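Data first, discussion second: the structure below is written as C-alpha cells.
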Amino acid sequence: MSERPTAPPLLDVRDLTTRFITPEGVFHAVEGLSFQLERGESLGLVGESGCGKSTAMLSLLRLLPAAGRIVGGQALLDGTDLFGLDESDMRAVRWHRISMIFQGAMNAFNPVRTVGAQIAEALVFHGLAQDRGEAQPRVDELLEMVGITGARGSQYPHQYSGGMRQRAMIAMALACSPQVVIADEPTTALDVMIQAQILELLERLQRELGLAVILVTHDLSVVAEVCHRVLVMYGGVLAESCEVDGIFNQPLHPYTRRLLAAFPDLSRPEGKLVSIPGYPPRLNALPPGCRFAPRCEEVHERCLQERPKPRQVLPGHWVACHLHEAGAANDRT
Amino acid sequence: MARRDYLLKRAAWSVLTILFVLILNFFLFRILPGDPTTSIAKDPRLDADTRAALAARFGLDKPLVLNVQGGGLFDSQLFAYVDRLAHGDLGVSFNYGRPVGEILGERIGNTVLLVLGGQLLAIILGVGLGLLAAWKNRTPLDTGAIIFSLTAWSLPTFWLGILLLIIGSTYFGLPTAGRQTVGMDYASVWAQAIDVGRHLLLPTLTFTIVLLGEYMLVMRSSVLEILSEDYILTAKAKGLSQGQILRHHALQNAMLPIVTLIALNLGFTVAGAIQVETVFSWPGVGSLIYEAVRRQDYPVLQGAFLVIAISVVAANLAADLVYGLLDPRIKSP
Amino acid sequence: MPRAFRPRRLPEVGVPGRGAGMMKPTARWRERLASVVRLFGRNRMGLVGLAMLGLAIGVAVLAPWIAPYDPETTGRVTIDDIYARPSAAHLLGTDDGGKDVLSALVYGARVSLVVGFAASLISMLIGGSVGLIAGFYGGRVGNLMMRLTDIFLVIPDLPLMIVIVAMVGPSLWNIIIVIGILGWTGTARIVRSQALSLKERQFVLRARAIGAGNFHILRRHIFPLVLPLIVTNTVLVISLSILEESTLSFLGLGDPTTLSWGGMLNFAFTRGAISTGAWWALVAPGLGIVWVVLGCTLLGNALEEAFNPRLQSHHLQGEERMIARPAQPGASDA
Amino acid sequence: MTGPDGSALPTRGPGVLLTVEGLCKRFPLPRGFIGTLTNRPTEAVHAIDGISFELQRGEIMALVGESGCGKTTTALTLMGLLEADEGTIRFNGEDVTHLGRSVEAPRATIAALERQSFRREPSFQPTLTMKDLRRQVQMVFQDPYESLNPRATVFETVAEPLEVHGLAGTRDQLLERVRRALEDAGLHPAEDYLWRRPHELSGGQRQRVVIAGALVLEPILLIADEPVSMLDVSIRAEILNLLDDLRTRRGISVLCITHDLGTAAYFTDRIAVMYLGRIVESGPTQAVLAHPLHPYTRALLSVIPVPNPRLRRKRMILTGETPNPVHLPRGCRFHPRCPIATARCAEADPAWREVTPAHSAACHEAVAPG
C-alpha cells in the first residue's frame, strides 16, 4: 500500500483506450486509463453508470461486445501484454489468471445446467481436472468455501436465492485459483444484509488466498469499507486515484467531492444530500476540454479548452484536474 | 410446478382436446350441408314413412346431443357416435365399400414413413444451418441462409413437389408415382427396400425443403438470443472457445423453442403430407383424403380427419413431455 | 447503473435537450414516421418485398388492361391450341383448354390477393380480440378463450379446411371465411402473450394507481403497444392465407367460377401437363404464388425487424477486430 | 380529531392522515394439479401479517425493510390495488379498507368533492369512493424506466390522470395544468419536455415526470416505492429534495418505502422497520438511528456502508436470508436469526411496546437507552 513495492506490479495497465464503433458514431468509452494493481491488493474502481469502468474491465479480458475496439495501450500481467496475445493464449489467461465476478449472477449462470457442472467446466477446460468426476471434490470444496453445502452443487441456478447465486459465482471465479479477480458490481442487486455477507466473504477470501481484487462499483461507501486503493472514473477517464483514506478525507477532484456529498453518510446524518446538476458527457460527442467541466462549480476558461492530464500531486495521489497542477494541492488539508 | 404436476396437466389437457375434436367432428358432419345420409333422410321425393324409416335406420330420429324426452339421457346421436368410435367403428367408405378403419390402417404406415423421414432431415439440417447462421450473424452466409429459408417457406408444397417431380424424372430417372414399382418381383428384401427408397426420395426431399425454412429461422433467432445472454459472456470469460460455447451452452438451450415449434408445426406437417402424397401418388392418408374429396366419400374424410387430429394431439403431448425433460425449470422447481 | 453488465447496450448517456423537445406534436409524428421509414429502408429485403407486393397489386388492379386476352371467352379451339408452346401470340403458351396462360396468370392475381387480404382481415380481427381479451382481461372468460385457442392451435388446419369446404361447397366467399376463421390462432397466441407481459408492466400498474379502468388501460397502454405486432403478424397471415387458398384450389376445392393460380395448377396437373411436357402451364402460376407470398414474407420479416430491432451482434462476434491499436512492439514510455 | 361517527380516533396531534390497524394480506399459493384434485389445504404467503401505524399530515415516514418483508405489498394495499384480508385502513378518519369493491359515487358527490377539498374544510366528511381516494393518494414507483409507457409523450403521461378523472377541461386548461405539474416537479421550462418520449429523457427526468403525473391531481398523500434506488447516486439527492420540498410547500405527506436506511435517514421524520410482514420498530428518525431498540434494526444499521474508511466498524451480519413467509417461525419471528435471542423468544411473540415516547418496538429485550 503506502510502502513502495520493489517488484513490478502484478497488473500494469498503461494508457488503455477503448472505443465503440457504432452507427451513432464513435463512443470514447475509455481514454488513456492507467493504473497498477499489486499482489494481494484490493482496488476499488468507482464511477457512475456509463463512466467506462465496466468497459475498462471487459477490455482487460478482451470480452468487449463486437462494436468494441481496444485502440491503444497495454495491459501487462506479470510483464506480458494481454493485448499482444493471440486468441488461444488469451483463453488460457481468462479465469486461470484473471477471473471475473459478474453483476446479477442470475443471468451469469446457464439456466439449464447445474451449478456444480458449470464450476467443474472451468476446471476441466483449464486442464485442472480430466473430467467432471475428477473435478467434483474441488467443486465441493469451492462451494463450501463460500458457505454452500456441496450437495447443492447438483441443483440448478433457479433453485438458488439471489445471495446464494452470487456466492456460487464467487466460488466459480476462484475455481482455477486466479491471481486477479475482477468483481463487477457484485452486490448491486442485493439486499443490504446479503451485500454485507458477500462483502465480508470477499474480504475474507482475499485475505486468506492473497488475491488481488478489483472491485468495480458505483457505491463509494462499499469501497470505503473494503478497498485499499480507489480509482475514480468520470466520462471514460481517470478523475482521481489514491489510497482509500485520501479519497474520503482529502478528495481533490471536484467530481470526487461532489460525489461524496451526494452519498448518504450515517455517521453525519445532519448534513444535506447534494446532487450534481447536469448530465454525464455523451461519449460520442465529448466537450473539447475537461469532461467534467460542464458540471463543475470551479470551472475555469482553461478547463473548457484543454484536457487535464493525470498528475501525481501528492505521494500516490493522482488527479486529473487543472486546479491541481503540481504543487497546487496544498490549499486543502 | 412439480414435474409430475406438469405431466398430468399436459395429459389431461390432451384428453380434453381429443374430446373436443370428437365433438367437433360429429357436429361438422351433422350440421354442415352436404352429408348424404342426412340429405337422403330429408329427400322430399320420398314419402314421409320412407323418410322416417331411413332416419330411424341411421339413428337420425334421435336427439342430437342429450335425450331429454326419455329413453335415457345418453340415447342420442352424439353418444351413439361416440359409442361406435369406442368400438373402432369409423363407418363404411362409400367409394371402397369397406370399413374406413381398415383402409386407414393400410395407409397410415406409409404416411408415417414419409413424415418421419422428412421431419428428421428438416430438423437436423434446420438446426445446423440455424446455428451456423446465428453464429455468423450479419455475414453473407447469414443473409444467404435467411433468403433461402424465406423462399423455402414461401413455396407452395405441391408446386415444389411438381417441380422436383419433373426434374427428378427427366434428369435423374427417378420414379414419379406410388410406393414401389408396379408388378416388380424383388430378388430380396434389400432390393425392395432400395426400390421403396427410390420412390421415397423425391417426396421426402420436397417435405424437407418446405419444413427446413421455418426450423432454420426459429433456430437462428433462438441461438441469436442465447448468444447475447450474460451466461455466454461468463462462459467466454471462463476461457471456453467458440466451438465449446456453441456445443455446451447454446445448443441445448436453443433446442427448447425448437421442440415447441415442432409440436406446433405438426398441423403444418400434415398439410404438407396431403400435398406431397397427392403429387407423388404416395399411398398414404393424404392421398386418401384427396381421393375422398374428389369422390365425396364422407365417411373416409371424417375418419381421416379424426385419426390425423388425434395423432397430432398425441404427438403434441410427446413434445410437451420432451420439453419437460429438457427444461430443468420444469423438472425441479 | 445496475446495467453495467450489459455493455452491448453501449454506455448509457444522459440525454440533454436536443431541441427536439420544442417541436409540435405533428412535427414529431412526422419525425417518428420518418424514423420508421429509415429503419425500414435499411432493410433491403423488406423493400424488395414491398416492391414485389406492389407489382402484384398493380397487376391485379390493372388486369383488364394488361391481359392480352379475355380469360372468360374462349374462341374456337383447335388441337394445336392446347398446350401450345410460348410464342409471340401467347407469351406464356396456352393451357389445357387452349387459353392464354399469361392472361389467366394476370387475372389469377386478383383471386389470390382478394382471398389473402380478406381472410387475414378476418383472422386479424378474431385473433387480435381473442388475444387481447385472453391476455389482458384474464379471469374466467379470458381463461376459457385461452384454452380454446390452445385447442384450435393443435387441431391441424388444412384437413379441417378440406372437410369444411368439401361439405359447404367451394365458393370464393366460403373459402375466404373458412381460411379466415381457422387462421386466427397464431395471431391470438402472439397477441395474448404480448398482452400478458404488457399488463404486468409498471406503467400499467401506475395507470391503475391513477384510477384508470380496464378499458382506458386497454386503449391507452395495451393496444398501441400491441398494434405493431398485429400489423406484422397480419402481413405474414396474408402470405399464409394465399398459400392455403392455392392449396385448396389445387386439391380441387377452388371456386369453379373464378380461375385462381391454384386452380390453374390443378387443371394442368390433372390434365396431363406433366406428361405432355407443358412446363409453362405448371411453372407460371406457381411462380405467381411464390411472387406474392415471398413479397409478403419479406415485408413481414422487415416489419418485424423495424418494430422490434434485433441486436447487432452477440458475444461470440468481433473477437478478431477487438485489438485495433497500431502495432507498437515493446513500446514502454511510462 | 374525531371520526365520521363522532367516535374518538387514536390520534396524536391534530393531523393524523392515515391510520393502519392490524393490516393483513396473504397470497394463497397455487396448489398444483394434484393438490387441486386431492383438495390439499391451500398454503399462503403471509406477505403482511398485522401491521399498524399512523401517518401525520405533512410528515415523511419511511417504511424500511429488505426485499420480501412485505413493504411493497403494504403500499399496494394502501393504494387499494390489493384488497386487505384483515385490518382497517383509515384515511382522513374514514374507513377506506374495502373501497376497491364499492361502487362509484354519483357524479354530484364527486363535484361536491371538487369544490371542497379535505385540506381546507376538515369538517366536511363525505363518503369517499375509490376514485376519490385515488385522487388524493398517489404513488411513485421504483423504476422510472418501467413506469412510463414508452409510446406516450410526457404530456400524455401527465395529462392521463386528469382525463381519467374527467378533470381535463379545455385543451388550454389541460396544457396549463400539465405545465404547472411539470414545473412543480422541477422540469422547467416545461415546454422543453412536453412532447418528448421516455427514451429521450434521463433517469432523473423520467422520475420527475412520474412525480409530475402524481402531482397533477394535487394529492395529499404520496406513496413512494423505492423512488431513487434505480437512479444514479449523483441525481438521487435532487429527487429526495424534491419530495422534501413538496412536503414543505404543499403539506403533502409522503410514505417512502425503501430498503435503504441510509437514504431514509436523510429526509424522513419517522422510520418504521419491517421484518417478515410486520413492523418491528418505529420511532422518530433520529431516535431510531441513535438508539435502535430492535436487534434487527441494529443489524441493519451496522451493515450500511459508511463512506469513510476511518469509521470501519464491526458489522453485525445476520446469517442466512430472510425466510420465506409461508411458514412463519413460532414465537418472535426474528428469533432464528437473532443474536440475542433467549428461550423466551422461541415461545412468545413479543408485544408491541412503547419503550420511550413515540419510539416503540416488538422485542422482549428492548430497553430504553441510558
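Determine whether the range A:52-63 contains at least one residue that is more than 9 Å from chain C (Cβ to nearest Cβ) and over 29 Å from A:ALA129 (Cα atoms). Yes, the range A:52-63 contains a residue that is more than 9 Å from chain C (Cβ to nearest Cβ) and over 29 Å from A:ALA129 (Cα atoms). Looking at B:VAL300, B:VAL270, just one residue is β-branched (Val, Ile, Thr), in contact with a Ser or Thr (Cβ under 7 Å, 6 or more places away or on another chain) and either modelled with pLDDT under 90 or open to solvent by 10 Å² or more (accessible area, probe 1.4 Å) (or both), and that residue is B:VAL300. Can D:ALA362 be described as away from chain A (no Cβ under 14 Å) and either surrounded by 13 or more Cβ atoms within 10 Å (Cβ to Cβ) or on the phi > 0 side of the Ramachandran plot (or both)? Yes: the conditions hold for D:ALA362. Among the listed residues A:ARG291, A:ARG268, which satisfies the condition of being modelled with pLDDT of 90 or more, part of a loop (DSSP other than H, G, I, E, B) and not hydrophobic (A, V, I, L, M, F, W, C)? The match here is A:ARG291.
Restricting attention to the range A:121-145, the residues being in contact with a Lys or Arg (Cβ under 9 Å, 6 or more places away or on another chain), of a type in the set (Gly, Ala, Ser) and free of Cβ contacts under 8 Å to residues at least 24 places away in the same chain number 1. Only a single item in (1) assigned to a strand (DSSP E or B); (2) within 11 Å of chain A (Cβ to nearest Cβ) is not met by D:ILE239, and it is number (1). Of D:LEU194, D:LEU162, D:LEU201, D:LEU167, all but one fail to be open to solvent by less than 10 Å² (accessible area, probe 1.4 Å), within 12 Å of another protein chain (Cβ to nearest Cβ) and at pLDDT below 90; the exception is D:LEU201. The condition of being closer than 20 Å to A:PRO294 by Cβ, open to solvent by 40 Å² or more (accessible area, probe 1.4 Å), assigned to a loop (DSSP other than H, G, I, E, B) and not aliphatic (A, V, I, L, M) holds for only one of A:PRO277, A:PRO281, that being A:PRO277. The residues in the range B:24-51 that are at pLDDT 85 or above and open to solvent by 50 Å² or more (accessible area, probe 1.4 Å) can be counted, and the count is 0. Give me the residue from the range D:170-187 that is away from chain C (no Cβ under 13 Å) and not in a helix (DSSP H, G or I) and, out of that set, farthest from D:VAL209 (Cα to Cα). The residue in question is D:THR170. Where helices (runs of 4 or more DSSP H) fall entirely within the range C:153-239, those with at least 3 residues that are under 22 Å from the mean Cα position of the chain (by Cα) are at C:157-168, C:172-182, C:185-199. On the stretch given as the range C:212-227, residues that are at the interface with chain D (Cβ under 10 Å from one of its Cβ atoms), surrounded by fewer than 21 Cβ atoms within 10 Å (Cβ to Cβ) and modelled with pLDDT under 90 total 1. Given the condition open to solvent by 10 Å² or more (accessible area, probe 1.4 Å), under 24 Å from A:GLY162 (Cα atoms), basic (Lys, Arg) and touching a residue at least 40 places away in the same chain (Cβ under 8 Å), answer yes or no: does some residue in the range D:72-90 qualify? Taking every residue of the range D:72-90 in turn, none turns out to be open to solvent by 10 Å² or more (accessible area, probe 1.4 Å), under 24 Å from A:GLY162 (Cα atoms), basic (Lys, Arg) and touching a residue at least 40 places away in the same chain (Cβ under 8 Å). Of the residues making up the range B:212-229, just one is in contact with a Phe, Trp or Tyr (Cβ under 8 Å, 6 or more places away or on another chain) and closer than 15 Å to B:LEU160 by Cα, namely B:GLY213. The requirement of being among the aromatic types (Phe, Trp, Tyr), open to solvent by 10 Å² or more (accessible area, probe 1.4 Å) and touching a residue at least 12 places away in the same chain (Cβ under 8 Å) is fulfilled nowhere in the range B:215-224; no residue meets it.
Residue by residue, here is whether (1) over 19 Å from D:VAL355 (Cβ atoms); (2) hydrophobic (A, V, I, L, M, F, W, C); (3) open to solvent by 10 Å² or more (accessible area, probe 1.4 Å); (4) within 13 Å of chain A (Cβ to nearest Cβ) holds:
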| position | (1), (2), (3), (4) |
| --- | --- |
| D:ASP232 | yes, no, yes, yes |
| D:ASP244 | yes, no, yes, yes |
| D:ARG247 | yes, no, yes, no |
| D:ARG250 | yes, no, yes, no |
| D:VAL254 | yes, yes, no, no |
| D:ILE257 | yes, yes, no, no |
| D:ALA265 | yes, yes, no, yes |
| D:TYR275 | no, no, no, yes |
| D:GLY283 | no, no, no, no |
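For the range C:159-177, a residue qualifies if it is open to solvent by 10 Å² or more (accessible area, probe 1.4 Å) and closer than 23 Å to B:THR269 by Cβ, and the qualifying residues are C:ILE164, C:ALA166. Among the residues of the range A:115-137, those that are at the interface with chain B (Cβ under 8 Å from one of its Cβ atoms) and either open to solvent by 20 Å² or more (accessible area, probe 1.4 Å) or assigned to a loop (DSSP other than H, G, I, E, B) (or both) comprise A:PHE125, A:HIS126. On the given criteria, is A:LEU231 in contact with a Phe, Trp or Tyr (Cβ under 6 Å, 6 or more places away or on another chain) and either at pLDDT 95 or above or open to solvent by 20 Å² or more (accessible area, probe 1.4 Å) (or both)? Answer is yes for this residue.
The set of residues from the range D:34-84 being of a type in the set (Val, Ile, Thr) and either part of a strand (DSSP E or B) or touching an Asp or Glu at 6+ places or on another chain (Cβ under 8 Å) (or both) comprises D:ILE34, D:VAL45, D:ILE48, D:ILE51, D:ILE60, D:VAL64, D:THR72, D:THR77. For the range B:303-333, the tally of residues that are open to solvent by 10 Å² or more (accessible area, probe 1.4 Å) and under 23 Å from B:ALA177 (Cβ atoms) stands at 1.
Remark: pairs (first residue in the range D:295-324, in contact (Cβ under 8 Å) with a residue 60 or more places away in the chain; second residue open to solvent by 60 Å² or more (accessible area, probe 1.4 Å); Cβ separation under 7 Å; 6+ apart in sequence or on different chains) = D:PRO295/D:PRO339; D:PRO295/D:ILE340. If the condition is being hydrophobic (A, V, I, L, M, F, W, C) and modelled with pLDDT of 90 or more, then the range D:141-159 contributes D:LEU148, D:ALA152, D:VAL154, D:PHE155, D:VAL158, D:ALA159.
Taking the criterion of being under 30 Å from B:ALA80 (Cβ atoms) and loosely packed, with under 15 Cβ neighbours inside 10 Å, the residues of the range B:1-23 that qualify are B:ALA11, B:ALA12, B:VAL15, B:LEU16, B:LEU19, B:ILE23. Against the list (1) within 14 Å of chain D (Cβ to nearest Cβ); (2) free of Cβ contacts under 8 Å to residues at least 24 places away in the same chain, the condition C:ASN266 fails is (1).
Looking across the range B:155-176 at every residue that is free of Cβ contacts under 8 Å to residues at least 24 places away in the same chain and part of a helix (DSSP H, G or I), the one that is most open to solvent (accessible area, probe 1.4 Å) is identified as B:TYR171. Filtered by the rule that a residue be at the interface with chain C (Cβ under 8 Å from one of its Cβ atoms) and of a type in the set (A, V, I, L, M), the range D:147-159 gives D:LEU148, D:ALA152.
The values are calculated or read from the model by the stated rules, or taken from the named source; none is laboratory data. Computed from a predicted structure; not experimentally measured. Cβ atoms come from the backbone with ideal geometry, glycine included; neighbour counts cover every protein chain shown. All accessible areas refer to the heavy atoms of the entire protein, side chains included, with ligands and DNA or RNA removed. Shrake-Rupley method; radii C 1.70, N 1.55, O 1.52, S 1.80 Å.
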